[in-house]
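Asker: Sharing a structure, written as structure tokens. Questions coming.
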Amino acid sequence: MTVRNRILILLSAVVALAAVAVASILHASARADRRDQTQPGGPRVTSGTVTLTTPGRMVFRNMAWGPHRDELTTVPASDPSGPRIASGVKCLRFYAASGTGVCLQAVHGTVSDTYRAVVLDAHLHVKSRYDVPGIPSRARVSPTGHFAAWTAFVGGDSYAGTNFSTRAAIVDVRTGKLIPSLEAFRIVKDGHTYRAADVNFWGVTFASDDRTFYATLATKGRTYLVRGDLRARTVTTLHTNVECPSLSPDGTRIAFKKRVPGLSKDAPWRLYVLDLRTMRETPLAVPRSVDDQAVWRNNGTIVYALPGDYGADLYTVPADGTGKPRRISTAAVSPAYVG
């Protein structure tokens, strides 16, 4: 092959790659533009007033394409697929309880995005802001509304593998005192103080006593349910193979996702409920892998998200292992039952 032919082949390859790149950019731009346009058949969304104390409401992140995409939106809890009222406040992750909300947001910069946690009052006014050192992942508020927690990926971006690092923070919203990382707490494992360089925490969930919380601890390739004590600044391991715990309203059970051997490495989880008194596990009637921190609608019902056409859809399933899943809302994620 002559030098001239080699140069022509190289130039052709460069042109082809450039064309692919331009096409990809144009496709992404067109898709972004479509996200701002309401899609036929989607939920009806209108601007209005959203509060965190109106009885019988569900507040969530709206993912339906249109001008209100990513905004906190509300519907009657009894009609989760009904018309939506949008607040204008955008969140990546959200949760609320007792008139306090926590909203994890992206701050778009000229070079890259940064992230923050915003504590909201009952009318969605900002009470305080905190820098989040990575991609937001989980958010929770204590039943009293006195504490908020969030988790972010600070290395890697998926729970499915093992090559990731997370940071879990807790703030007292009354005083603004921030615990930037649960890694500062003393770990008690098998009755002894435990230390390891690879410790990760995520998925905080609170009890109603303003002292106790639960979370996931990962170390040495295993995950544990831990019970935390905010006053003693300790976490104690309780049970293995527990991720993204969610405490029931009566404080007796934990809903969680569990890695099940034999499933795909990209979708390894099933939903379970753990009885905290007996440590007995109950598999829920959900045949798909669930990568979410489930929410308790009440003491008998679990709500969780699965991938959908516009990002995610919400499903419900009985907490006792009976029944079958039921989709309750499309293009929705991060639900909280308020009021």
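The values are calculated or read from the model by the stated rules, or taken from the named source; none is laboratory data. Keep in mind that this is a model prediction, so the values were computed, not measured. Reconstructed Cβ throughout: ideal geometry from the backbone, glycine too, with neighbour counts over all protein chains shown. We work out accessible area using only protein heavy atoms, side chains counted, and drop any ligands, DNA or RNA first. Shrake-Rupley method; radii C 1.70, N 1.55, O 1.52, S 1.80 Å.
Asker: Yes or no: region 200-213 includes at least one residue that is closer than 23 Å to residue 153 by Cβ, of a type in the set (A, V, I, L, M) and free of Cβ contacts under 8 Å to residues at least 40 places away in the same chain. Lay out the reasoning, then the answer.
Answerer: Going residue by residue through region 200-213, those that are closer than 23 Å to residue 153 by Cβ are 200-206, 213.
Narrowing further to those that are of a type in the set (A, V, I, L, M): 204.
With the extra rule that they be free of Cβ contacts under 8 Å to residues at least 40 places away in the same chain, the set shrinks to none.
No, region 200-213 contains no residue that is closer than 23 Å to residue 153 by Cβ, of a type in the set (A, V, I, L, M) and free of Cβ contacts under 8 Å to residues at least 40 places away in the same chain.
Asker: Let me ask you something else. Go through 284, 271 for me and flag whichever is at pLDDT 95 or above and within 18 Å of the chain's Cα centre (by Cα). Give the derivation first.
Answerer: On the way: 284 fails: within 18 Å of the chain's Cα centre (by Cα).
It is 271.
Asker: Follow-up question, since we're still on this one. Looking at region 303-330, which of the residues that are open to solvent by 10 Å² or more (accessible area, probe 1.4 Å) and of a type in the set (Phe, Trp, Tyr) is farthest from the chain's Cα centre (by Cα)?
Answerer: Filtering first and then ranking leaves 310.
Asker: Please state which one of 333, 290, 338 is open to solvent by less than 40 Å² (accessible area, probe 1.4 Å), modelled with pLDDT of 95 or more and more than 17 Å from the chain's Cα centre (by Cα).
Answerer: Working: 333 fails: more than 17 Å from the chain's Cα centre (by Cα); 290 fails: more than 17 Å from the chain's Cα centre (by Cα).
None of the other options fit; the residue is 338.
Residues checked against (1) touching a strand residue (DSSP E or B) at 6+ places or on another chain (Cβ under 7 Å); (2) farther than 28 Å from residue 89 by Cα:
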position	(1), (2)
138	yes, no
144	no, no
147	yes, no
186	yes, yes
189	yes, yes
193	yes, yes
208	no, no
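Asker: Still on this structure, I have one more. Looking at region 213-224, which of its residues are within 16 Å of residue 279 (Cα to Cα) and either among the basic types (Lys, Arg) or out of contact with any Phe, Trp or Tyr (no Cβ under 6 Å at 6 or more places or on another chain) (or both)? First the steps, then the outcome.
Answerer: Keep residues of region 213-224 that are within 16 Å of residue 279 (Cα to Cα), which gives 214-216, 223-224.
Once the filter is applied, which keeps residues that are within 16 Å of residue 279 (Cα to Cα) and either among the basic types (Lys, Arg) or out of contact with any Phe, Trp or Tyr (no Cβ under 6 Å at 6 or more places or on another chain) (or both), region 213-224 yields 214, 223, 224.
Asker: I'd like to verify a number: residues in region 121-140 that are of a type in the set (Lys, Arg) and either buried (at least 21 other Cβ atoms within 10 Å of the Cβ) or touching a Phe, Trp or Tyr at 6+ places or on another chain (Cβ under 6 Å) (or both), how many?
Answerer: Step one: list which residues in region 121-140 are of a type in the set (Lys, Arg), which gives 127, 129, 138, 140.
Of the ones still in play, those that are also either buried (at least 21 other Cβ atoms within 10 Å of the Cβ) or touching a Phe, Trp or Tyr at 6+ places or on another chain (Cβ under 6 Å) (or both) are 138, 140.
Within region 121-140, residues that are of a type in the set (Lys, Arg) and either buried (at least 21 other Cβ atoms within 10 Å of the Cβ) or touching a Phe, Trp or Tyr at 6+ places or on another chain (Cβ under 6 Å) (or both) number 2.
Asker: Here is a further query. Quick test of your reading of the structure: residue 294 fulfils all but one of (1) hydrophobic (A, V, I, L, M, F, W, C); (2) out of contact with any Cys (no Cβ under 8 Å at 6 or more places or on another chain); (3) in contact (Cβ under 8 Å) with a residue 40 or more places away in the chain. Name the failing condition by number.
Answerer: All conditions are met except number (2).
Asker: Right, something else. Kindly list the number of the only condition in (1) assigned to a loop (DSSP other than H, G, I, E, B); (2) open to solvent by less than 40 Å² (accessible area, probe 1.4 Å) that fails for residue 118.
Answerer: (1)
Asker: Tell me, which strands (runs of 3 or more DSSP E) lie completely within region 152-270 with 3 or more residues that are open to solvent by less than 60 Å² (accessible area, probe 1.4 Å)? Give the steps one after another, and end with the answer.
Answerer: On the way: elements: 165-172, 186-189, 192-194, 200-206, 212-219, 222-229, 234-240, 243-247, 253-259.
Here the list reads 165-172, 186-189, 200-206, 212-219, 222-229, 234-240, 243-247, 253-259.
Asker: State all residues of region 134-156 that are without any contact (Cβ under 8 Å) to a residue 60 or more places away in the chain and in contact with a Ser or Thr (Cβ under 9 Å, 6 or more places away or on another chain); if no residue qualifies, say none. Working first, answer last.
Answerer: So the first thing to find is which residues in region 134-156 are without any contact (Cβ under 8 Å) to a residue 60 or more places away in the chain, and the list is 134-136, 145, 148, 150-156.
Within region 134-156, 134, 136, 145, 148, 150, 151, 152, 153, 154, 155, 156 qualify.
Asker: Next up: Which of the residues that make up region 275-311 are assigned to a strand (DSSP E or B) and farther than 22 Å from residue 334 by Cα?
Answerer: Of the residues in region 275-311, the ones assigned to a strand (DSSP E or B) are 275, 281-283, 295-298, 301-306.
Within region 275-311, 275, 281, 282, 283 qualify.
Asker: Okay, next question. So the check is Cβ under 8 Å with 6+ separation or different chains; which pairs have a first residue in region 77-103 that's open to solvent by less than 30 Å² (accessible area, probe 1.4 Å) and a second one that's among the aromatic types (Phe, Trp, Tyr) and not in a loop (DSSP other than H, G, I, E, B)?
Answerer: Once the first residue is open to solvent by less than 30 Å² (accessible area, probe 1.4 Å) and sits in region 77-103, its partners that are among the aromatic types (Phe, Trp, Tyr) and not in a loop (DSSP other than H, G, I, E, B) give 77/337; 94/60; 101/94; 101/95; 102/94; 102/95; 102/150; 103/94.
Asker: Next question. Just name the residue that is modelled with the highest pLDDT out of those in region 164-186 that are within 19 Å of the chain's Cα centre (by Cα) and among the polar types (S, T, N, Q). Spell out how you get there, then give the answer.
Answerer: Here is the first cut: in region 164-186, the residues within 19 Å of the chain's Cα centre (by Cα) are 164-171, 180-182.
Okay, now just the ones that are also among the polar types (S, T, N, Q), so 165-166, 181.
Working: 165: 92, 166: 94, 181: 97.
Looking at residues that are within 19 Å of the chain's Cα centre (by Cα) and among the polar types (S, T, N, Q), I get 181.
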